[in-house]
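Worksheet: the structure to be examined is printed underneath.
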Amino acid sequence: MEFGFNEEQLMIQDVARRIAREKIAPSAEYHDRTGEFPLENIRVLGENGLMGIEVPTEYGGAGMDPVSYVLAMIEVAAADAAHSTIMSVNNSLFCNGILTHGTEAQKQKYVRAIAEGAEIGAFALTEPQSGSDATAMRCRAVKQADGSFVVNGKKSWITSGPVAKYIVLFAMTDPDKGSRGITAFLVDTAREGFGRGKTEPKLGIRASATCEIEFNDYVVQPDEVLGQEGEGFKIAMGVLDAGRIGIASQAVGIARAAYEATIAYVKERKAFGAPIGTFQMTQAKIADMKCKLDASLLLTLRAAWLKGQGRKFSAEAAMAKLTASESAMWIAHQAVQIHGGMGYSKEMPVERYFRDAKITEIYEGTSEIQRLVIARSETGLR
Ligand code: CAA
């Protein structure tokens, strides 16, 4: 058993840490306050290989392994969670599915543009009435005689929707078949028939743009179908398995930032004539924060390692995401509590970590869905 990282992994961690500290952290408060999309920083991340970490170099990526992805995500998330949300959608939700199921031409066209940071990608599964119950989608794609599809319907909560050039879309092609009647498509947002709806005013990750999207007789050509017809649900589930490793990493990054801010504060802040870190009630919190942080990191690295080995990792990714997201929420909560009034103020970043942590328990499968995935895997029961 080996707990160290190899040279490549340490190198990408170092690159991500440098960009996070020099470019992202200094403007994190501004981006949170204004909700402005950090396009310039996203381009820098892309130019440094961080928008397609696991994408082979022949498609414009960094050609690295899932552990490298985890390490880079943690660094970016620790500086600003919103940046890491954009990064995770490009890396995991957009590139991963096309790499696994796309044709050579699709990889060259769509993956390259996103992995190099020239364009932004998105992933459209959720609808206003269908979140956790993904097969209940209503967005409809009807096959035409020439093999093309005409798409009509709405998708909601689309991360990077307001700025995305390309979107991986899931639509119902045969409603009678349920989950086997869903097909994945590649959408160009510049094309007629695509529209954007309301943007979401969010509690946290405010600089990651989120909106509704609409399809009105949008035409998908046969070479824009991703994978086989009817295979869309399995593609979505596979992509989300990998995506959950990214969200677990994001949660670890947020939690680490909250933890480090707390360690600095308990040494400096005095009460009753002593640093508050000398009080046993604070020490108990610190110990529990550290245990949860390391447990989250180890579960996340295990899931990434399994993925890198080509082994099954669905339940392990769910365990990592569940543990890391609930720990991040708990750690950020304790960080606010230990900071007292200062923790409730926008003058300190812990208030932002608290708001940002919450989304990790919701998107890419709620904590309830992660528990369902884990329990089904353990019992074999449905
Ligand atoms: N990989 C491959 N195939 C899978 C799979 C996986 N991980 N999980 C299920 N499948 C297959 C099953 O084997 C089954 O195949 P067959 O038809 O051949 O038997 C099929 O998919 C249907 O599976 P289920 O019967 O298990 O489906 P279900 O309706 O019970 O749903 C679920 C399962 C786990 C609840 C699933 O719907 C789910 O994960 N829901 C949550 C959706 C989610 O995570 N949404 C997040 C939105 S994206 C987002 O958040 C992006 C963002 O903004 C950043």
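The values are calculated or read from the model by the stated rules, or taken from the named source; none is laboratory data. Bear in mind that the values here come from a model prediction, so they are computed numbers and not experimental data. Don't worry about glycine lacking a Cβ; one is built from the backbone with ideal geometry, like all the others, and counts go over all protein chains shown. Ligands, DNA and RNA are stripped out before the accessible areas are found, and what is left, the full protein with its side chains, is counted by its heavy atoms. Shrake-Rupley method; radii C 1.70, N 1.55, O 1.52, S 1.80 Å.
For the reader, a short list of remarks on this structure follows.
- In region 122-169, the residues that are more than 10 Å from the ligand (Cβ to nearest atom), open to solvent by less than 10 Å² (accessible area, probe 1.4 Å), under 20 Å from Gln228 (Cα atoms) and under 21 Å from the mean Cα position of the chain (by Cα): Ile167, Val168, Leu169
- The set of residues from region 305-325 being within 16 Å of the ligand (Cβ to nearest atom) and in contact (Cβ under 8 Å) with a residue 24 or more places away in the chain comprises Lys307, Phe313, Ser314, Ala315, Ala317, Ala318, Met319, Ala320, Lys321, Leu322, Ala324, Ser325.
- Residues (within 14 Å of the ligand (Cβ to nearest atom) and over 21 Å from Thr100 (Cα atoms)) located in region 176-206: Asp176, Lys177, Gly178, Thr199, Glu200, Lys202, Gly204, Ile205
- The residues of region 1-36 that are under 21 Å from Val67 (Cα atoms) and open to solvent by 80 Å² or more (accessible area, probe 1.4 Å), listed by number, are Met1, Glu2, Phe3, Glu7, Glu8, Leu10, Met11, Asp14, Arg18, Arg21.
Residues checked against (1) aromatic (Phe, Trp, Tyr); (2) assigned by TED's automatic domain parsing to the domain that holds Ile276; (3) away from the ligand (no atom under 14 Å from the Cβ):
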{"position": "Ile331", "(1), (2), (3)": "no, yes, yes"}
{"position": "Gly341", "(1), (2), (3)": "no, yes, yes"}
{"position": "Ser345", "(1), (2), (3)": "no, yes, yes"}
{"position": "Glu351", "(1), (2), (3)": "no, yes, yes"}
{"position": "Tyr363", "(1), (2), (3)": "yes, yes, no"}
{"position": "Thr366", "(1), (2), (3)": "no, yes, no"}
{"position": "Ile369", "(1), (2), (3)": "no, yes, no"}
{"position": "Ile374", "(1), (2), (3)": "no, yes, no"}
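- Residue in region 304-354 that is modelled with the lowest pLDDT, counting only those that are of a type in the set (D, E, K, R) and open to solvent by 30 Å² or more (accessible area, probe 1.4 Å): Glu347
- Total residues in region 48-66, condition in a helix (DSSP H, G or I) and either touching a helix residue (DSSP H, G or I) at 6+ places or on another chain (Cβ under 8 Å) or modelled with pLDDT under 95 (or both): 2
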